[in-house]
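Laboratory data are not the source of any read-out in this text; all were calculated from the coordinates shown. The structure presented is a predicted model; accordingly, all values stated were derived computationally and were not measured. Because the Cβ atoms are built from the backbone with ideal geometry, glycine has one as well, and the counts that use them run over all protein chains shown.
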Amino acid sequence: MLLISCPNCGPRDETEFHYGGQAHVAYPENPNQLNDREWAEYLFYRDNTKGTFAERWVHSTGCRQWFNILRDTVSYDIKAVYPMGALRPDTTPAAPEGAAK
Amino acid sequence: MADLLPEHPEFLWHNPDPKPSYDAVIVGGGGHGLATAYFLAKNHGMTNIAVLEKGWLAGGNMARNTTIIRSNYLWDESAAIYEHALKLWEILPEELEYDFLFSQRGVMNLAHTLGDVRESMRRVGANKLNGVDAEWLDPQQVKELCPILNISDNIRYPVMGATYQPRAGIAKHDHVAWAFARKCDELGVDIIQNCEVTGFVKDGNRVVGVKTNRGTINTEKVGLCAAGHSSVLAEMAGFRLPIQSHPLQALVSELHEPVHPTVVMSNHVHVYVSQAHKGELVMGAGVDSYNGYGQRGSFHVIEQQMAAAVELFPIFARAHVLRTWGGIVDTTLDASPIVGTTPVENMFVNCGWGTGGFKGTPAAGLTFAHTIATGAPHKLNAPFSLERFETGALIDEHGAAAVAH
């Protein structure tokens, strides 16, 4: 079971949350101008990243607030938790200084 | 001592090195990939083809499913393709000359609410109209067919009846893969294990080769049969798929005497149970909610399905879990597969079978082979095109297909 750190309530079991899929998918700015292909993209196409994935969760049985996380979809490690509306944090590791690490 | 040992039996397939070029390359050596190669060779005379498998043959979802075979889907398009698959299952042991223990012991889908009862009766009616064997059972008939089921009203969601498909059942998944692999090998197909695709060679928008960890292979046509990894391959080829990969878990108990004569699925309390030929109770349920490529899921999913199983089958209370595992299933928004052409010329995709790929194996192979060989879909897979997400002609089996996905 995932242990998810809710920004408001702290670390809680996955069973308290619901999954919201890919984060940062904006509603189309000009819905009337979209063609069928663009609507399909918006409605049905989501990234299916193998690796670090930005996704939404809601703390359903806690504060009931939505938030974003960065999670590795292979190891399931959670790398960052950040608020809705914020930009995706940069989690690329800093270049090692010198050889020793 | 050595001469007391028996001769090693014939291998079922060879392990050739990849040739520089093929007429078609199938990516993914699971059930669907092998079935596709088999029908390409048998029905379309394409024998200069290869199946590339990044791990070992049939070690992905083919090794991880709960082996249930049924065709009692609600919508016409689904009933047609799954019923065709079931008809192929019925003749394949003879055709492949391999008894893979296809056992038509029936599948029961329980109803626990008034909504379930109405949905079930509607589905029975739809199935009958589509030539799929289906009947409605009241709780007493359920008990007669599966005496270990608890049909009393002392549980949270009492059994109010069930749909029953007598021709449905289970098969031995590994043997199915080996049966296809042996026939493919006999027909001249190269089955290449430990060969991972790392990219594609394109001439404009046309695929002309496959890059692998064992070198580049030229090919006229490429068929993708990679289930949970379909999106990864599509990205390499430069297009997107409306697929989300999720972990799907299953478990087995230790071996028991035969106690469970059929297959029981419950959508509402969400567990499905059969007893394997060897004696293990085999159980599964729904996917983990989050996207995942880890071939493992969260334990509460296992815990909930076992709780459901013990309510329905009180006799299981003393059984032990021997093993749990996970596979990566490729789900679509309408819970129906995608079998057809792609935006890349000469590249074809068979994916999106989600939680139900095993039962579809023969029909996936048949229709996908037809699509690759002729460049156009078979009438059975024509509705399952990638374009349906643009046209809106979805085949919405969510909740309609006798199991929640």
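Numbers below:
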| item | result |
| --- | --- |
| Pairwise FRET efficiency - B:Gln193 versus B:Ala376, Cβ, R0 = 41 Å, nearest 0.05 | 0.85 |
| Among B:Val259, B:Val176, B:Val27: highest mean-square fluctuation, GNM of chain B, C-alpha pairs under 10 Å | B:Val259 |
| Per-residue mean of C-beta atoms belonging to partner chains within 10 Å, peptide A:73-82 | 3 |
| Structure-based [θ]222 nm, chain B - -39500 (n - 2.57) summed over DSSP H runs of at least 4, per residue, nearest 500 | -9000 deg cm²/dmol |
| Filtered chymotrypsin sites (Phe, Trp or Tyr not before Pro), the stretch B:354-393: DSSP coil and at most 10 other beta carbons within 10 Å | none |
| Selection from A:Ile69, A:Gly21, A:Leu34 lying farthest towards where the dipole of the stretch A:3-92 points positive, charges on Cβ | A:Ile69 |
| A:Asp90/B:Asp203 FRET efficiency (R0 51 Å; Cβ-Cβ; nearest 0.05) | 0.85 |
| Over chain A: helical MRE at 222 nm, DSSP H runs n ≥ 4 each giving -39500 (n - 2.57), nearest 500 | -2500 deg cm²/dmol |
| Kirkwood Rh, angstrom, the protein assembly as shown [1 / mean 1/r, Cα pairs] | 24.1 Å |
| Length added when fully stretched, B:Glu135-B:Val321, from 0.36 nm per residue minus Cα-Cα | 63.7 nm |
| Charged-residue dipole, Cβ positions (Lys, Arg, Asp, Glu), the stretch A:3-92 about Cα centre, Debye nearest 20 | 160 debye |
| Amide H partners (placed H, <5 Å) of B:Glu196, local residues excluded | B:Asn213, B:Arg214 |
| For B:Ala111, distant residues with modelled amide H under 5 Å away | B:Met160, B:Gly161, B:Ala162, B:Thr163 |
| Least to most buried among B:Cys351, B:Cys225 (fewest other Cβ within 10 Å first) | B:Cys351, B:Cys225 |
| Cα→Cβ-extended label distance, 7 Å offset, between A:Ser60 and B:Met236, nm | 3.6 nm |
| For residues of A:10-16, the mean tally of beta carbons on other chains within 10 Å | 2 |
| Pairwise label distance in nanometres, B:Glu186 with A:Val74, each label 7 Å out on the Cα-Cβ vector | 3.9 nm |
| In degrees, nearest ten, helix B:31-44 long axis to first principal axis of chain B (Cα) | 60 degrees |
| Cα lying deepest toward the dipole's positive end in chain B, options B:His260, B:Ile81, B:Ala335, charges on Cβ | B:Ala335 |
| Segments B:35-48, A:75-88 sorted - mean Cβ within 10 Å per residue, highest first | B:35-48, A:75-88 |
| The stretch A:3-92, relative contact order [Cα under 8 Å, separation at least 6], % | 27 percent |
| Inter-chain Cβ neighbour average for residues B:386-392, partner chain, 10 Å | 4 |
| Surface/4 estimate of mean projected area, convex hull on alpha-carbon atoms of the stretch A:3-92, nm² | 6.8 nm² |
